[in-house]
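Worksheet: one structure, shown below.
The values are calculated or read from the model by the stated rules, or taken from the named source; none is laboratory data. In this text, all values refer to a predicted model and were calculated from it rather than measured experimentally. Please note: Cβ atoms are built from the backbone with ideal geometry, for glycine as well, and neighbour counts cover all protein chains shown.
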Amino acid sequence: MSEAANHVLLIEDNPGDADLVRLRLVEAKPTFDVSCVNRLSDGLTSLQEKPPMLVLLDLNLPDSQGADTFRKVLEKAPGVPVVILSGQDDEALAVKALHQGAQDYLVKGSFTSAGLERVMRYAVERQALLRSLEMSRKQQLDFKNQFLSHVSHELRTPLTCIHQFVSILLDGLAGEVSMEQRDHLRTILKSAHQLGAMVRDLLEATRAESGKIRIEPRCASMMDLVQTAVAMLQAAAREKKVGLEIRGDAAIPFVHGDPDRILEVLINLIDNGIKFTPAGGSITLQVSLVPTDPEFVYVSVADTGCGIEPAAKSLIFERMYQHPNSVDSSRKGLGLGLFIAKQLIELHRGRIWVVSDLGHGSTFSFTLPLYSLPKLLLPVITQAGVLRDALVLVKVELKSGSIPPRGNWKEVGPHCHELLQRCVFLDKDLVLPAMTASGSTETFFVVASTDMARAPIMTTRIREQLEKLPELKANCDLSVSVRAVSLPHTAADRSLEERVAEVAKRVTEMTRIALGESKLATN
Amino acid sequence: MSNEKILIVDDDPDLRKALRLRLRANQYNTVHAVDGYSAIAAAYKEQPNLIILDLGLPAGDGFVVLDRLQRDDKLSNIPVIVLTARDPQGNEQRALRAGATAFFQKPADNAELMDVIRATLPKSPSESSLPS
């Protein structure tokens with residue numbers, strides 16, 4: 001047995017009480033090795049230098065009183081069992097410490113050596129049990145996550161094999177296929193796709209649970225994302241004879257979010273809509289702004305399907321909830337889609353909810369934070385409460401010569417953003433978040449506190465930096481263009497907020513024109 | 001008709017066969033290797049125009065292969081497309097940084113894979129001299 005097995009730390013400032021406890025300890029077990037200190041600070045030092053099997057603790061000491069005393073001991077040595085030594089009059093305080101994790105308490109002067117020994121033994125045993133319980137819980141969780149990640153990986157190889165050989169047959173690479181055979185092969189392929197989606201969800205849900213999903217927010221066009229999602233699922237909707245349309249007449253602003261993840265959520269919601277809406281029904285997507293909640297955009301996906309039982313409404317965003325009577329004759333999924341969607345939206349600091357009329361349809365809605373240029377600009381383009389004199393907008397465009405772009409195109413955006421940050425003065429220039437652009441162009445804008453005469457210094461610096469992009473040297477046939485335009489002055493008789501908003505508005509207009517997104521202008 | 005040679009590196013015989021059928025149907029010549037060690041040897045011997053590389057391989061995994069290819073002047077300019085069952089999170093960025101040109105998770109979309117292969121292969125002189 002280790003030394004600690006007999007070491008008891010007694011923290012007690014009353015010499016009489018300390019002697020009595022020490023006496024009882026020796027009576028109970030002569031081998032107890034007792035250290036006695038009369039101040040909390042000395043007790044904490046001793047805890048660190050020579051961890052005991054147990055602490056006997058008086059809560060009221062010269063340098064610490066009450067619940068605080070226990071809290072500090074717990075912080076220093078979370079695994080060591082603590083038994084409180086309480087006076088006749090402050091038993092309530094000891095009971096409070098029990099709730100905070102103390103193992104037991106003894107009222108001073110009213111315990112025998114046998115009682116003391118028993119309380120201590122039980123305290124040590126309970127603490128050990130607690131620790132092993134906690135450890136096995138953590139091990140179980142780790143094991144589950146590892147297992148799921150392993151399984152989803154291992155499932156992919158046979159799945160790929162099925163996928164590959166069926167498509168080889170379907171594509172006629174192994175000889176002629178009859179119409180009937182083709183039909184059967186399509187069914188196999190569809191099932192393989194479903195299986196693939198489940199494997200992906202499994203991994204994603206595991207990640208969501210262990211907090212490992214990452215998002216990379218940028219400035220993204222919500223309308224583009226909605227249109228992309230609808231285009232991707234239009235064929236599936238048509239096949240089921242379900243209408244799928246977008247409604248929205250206002251100019252839809254940009255959101256600050258990860259476009260891939262937002263698309264994932266949209267696809268999930270539309271896919272569910274198709275699944276639960278009978279032929280002849282319809283799914284309508286709407287993107288709107290709500291005056292009472294000006295910092296968010298509202299997106300809704302409404303179907304005319306079977307609706308959701310009121311009792312189920314709170315459950316559908318949970319893991320593995322499955323609709324009990326899906327109208328779709330095809331099989332169910334794993335019930336992870338909405339769970340993942342909820343995690344993704346919440347990572348963006350948005351909300352997701354459902355309103356449903358049983359038998360008539362459901363509307364799923366979520367919010368995403370709007371991309372707010374004035375908020376980003378304010379600290380940069382003002383100094384001591386005054387708007388800076390001259391402002392310039394620099395446009396940086398990276399264009400790939402081939403479509404689809406060659407090389408590691410996905411890396412270009414983040415790399416470029418990083419390099420641009422190094423070209424500017426962070427206290428007076430602002431690199432705007434990346435814009436979602438067409439597949440072979442990455443566009444960045446910088447709002448710089450400089451005038452047109454001095455702008456070339458900055459554009460040259462940017463060009464020099466960007467020419468160091470590894471992608472430019474390697475296999476990406478990239479071209480870089482850097483251009484600066486002056487931002488017009490704003491009326492000086494208006495408030496600072498109004499003037500910043502005005503600058504933001506102009507920047508927005510100019511960036512949209514530069515991106516050729518005239519479709520986003522108000523109509 | 002193109003005569004580009006593609007080296008397939010995968011330890012699963014069925015997946016090698018499927019990929020070979022698919023690539024041959026698209027007029028590519030194929031050679032294959034079954035582990036990391038023989039992948040390097042095959043790259044030397046065959047001088048392929050492109051390598052399709054699995055990551056989970058016996059005798060030196062895909063990252064070891066990528067590293068060896070990058071460090072060798074005779075091999076570093078052969079484009080590598082990674083095709084793996086492994087999770088893109090964590091592996092995609094790492095593979096691209098290690099010199100891969102593209103990353104696909106299995107099962108990959110065939111049309112997309114073929115597009116990237118076409119875009120990645122260096123144009124042969126006979127092909128680029130043809131009017132488009």
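Computed quantities for the displayed model
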quantity: Conditions (1) surrounded by 14 or more Cβ atoms within 10 Å (Cβ to Cβ); (2) of a type in the set (A, V, I, L, M); (3) more than 14 Å from every other protein chain (Cβ to nearest Cβ); number of the one not met by residue A:231; calculated: (1)
quantity: Conditions (1) within 13 Å of another protein chain (Cβ to nearest Cβ); (2) modelled with pLDDT of 90 or more: number failed by residue B:49; calculated: (1)
quantity: Boolean, residue B:107 is modelled with pLDDT of 85 or more, touching a His at 6+ places or on another chain (Cβ under 6 Å), in a loop (DSSP other than H, G, I, E, B) and not β-branched (Val, Ile, Thr); calculated: yes
quantity: Lone unmet requirement of (1) in contact (Cβ under 8 Å) with a residue 60 or more places away in the chain; (2) touching a helix residue (DSSP H, G or I) at 6+ places or on another chain (Cβ under 8 Å); (3) away from chain B (no Cβ under 12 Å) for residue A:188; calculated: (1)
quantity: Sole exception among (1) surrounded by fewer than 17 Cβ atoms within 10 Å (Cβ to Cβ); (2) without any contact (Cβ under 8 Å) to a residue 12 or more places away in the chain; (3) within 13 Å of chain B (Cβ to nearest Cβ) for residue A:194, by number; calculated: (2)
quantity: Residue B:57 vs. criteria at pLDDT below 90, buried (at least 22 other Cβ atoms within 10 Å of the Cβ) and more than 9 Å from chain A (Cβ to nearest Cβ); calculated: yes
quantity: Condition check for residue A:177: among the aliphatic types (A, V, I, L, M), under 30 Å from residue B:83 (Cβ atoms) and at pLDDT 85 or above; calculated: yes
quantity: Members of the range B:1-45 that are small (Gly, Ala, Ser) and surrounded by fewer than 19 Cβ atoms within 10 Å (Cβ to Cβ); calculated: B:2, B:25, B:38, B:41
quantity: Scan of the range A:362-384 for residues that are among the small types (Gly, Ala, Ser) and either in contact with a Ser or Thr (Cβ under 8 Å, 6 or more places away or on another chain) or within 18 Å of residue A:295 (Cα to Cα) (or both), ordered by number; calculated: A:362, A:365, A:372
quantity: Close pairs from the range A:148-161: first at the interface with chain B (Cβ under 7 Å from one of its Cβ atoms), partner in a helix (DSSP H, G or I) and among the acidic types (Asp, Glu), Cβ under 6 Å, at least 6 apart; calculated: A:161/B:14
quantity: Subset of the range A:40-95 that is in a helix (DSSP H, G or I) and of a type in the set (Val, Ile, Thr) - its residue that is nearest to residue A:133 (Cα to Cα); calculated: A:73
quantity: Extreme residue, nearest to the chain's Cα centre (by Cα), among residues of the range A:198-225 that are surrounded by 15 or more Cβ atoms within 10 Å (Cβ to Cβ) and within 11 Å of another protein chain (Cβ to nearest Cβ); calculated: A:213
quantity: Qualifying residue in the range B:27-38 (condition: facing chain A (nearest Cβ under 10 Å) and outside any strand (DSSP E or B)); calculated: no
quantity: All positions within the range A:442-455 that are at pLDDT 80 or above and within 24 Å of residue A:412 (Cα to Cα); calculated: A:443, A:444, A:445, A:446, A:447, A:448
quantity: Where a residue in the range A:482-511 is in a helix (DSSP H, G or I) and its partner, wherever it lies, is of a type in the set (Phe, Trp, Tyr) and buried (at least 18 other Cβ atoms within 10 Å of the Cβ), with Cβ under 9 Å and at least six apart; calculated: A:507/A:445; A:508/A:254; A:510/A:445; A:511/A:445
quantity: Residue list for the range B:117-132, restricted to those being surrounded by 19 or more Cβ atoms within 10 Å (Cβ to Cβ) and modelled with pLDDT of 85 or more; calculated: B:117
quantity: Options B:75, B:83, B:55; residue that is within 14 Å of the chain's Cα centre (by Cα), touching a residue at least 60 places away in the same chain (Cβ under 8 Å) and not in a helix (DSSP H, G or I); calculated: B:83
quantity: Qualifying residues in the range A:162-175 (those that are more than 7 Å from chain B (Cβ to nearest Cβ) and under 40 Å from the mean Cα position of the chain (by Cα)) - the one surrounded by the fewest Cβ atoms within 10 Å (Cβ to Cβ); calculated: A:162
quantity: The range B:9-25 residues that are within 10 Å of chain A (Cβ to nearest Cβ) and assigned to a helix (DSSP H, G or I), paired with ones that are basic (Lys, Arg) and surrounded by 17 or more Cβ atoms within 10 Å (Cβ to Cβ) (beta carbon under 8 Å, 6 or more apart); calculated: B:15/B:106
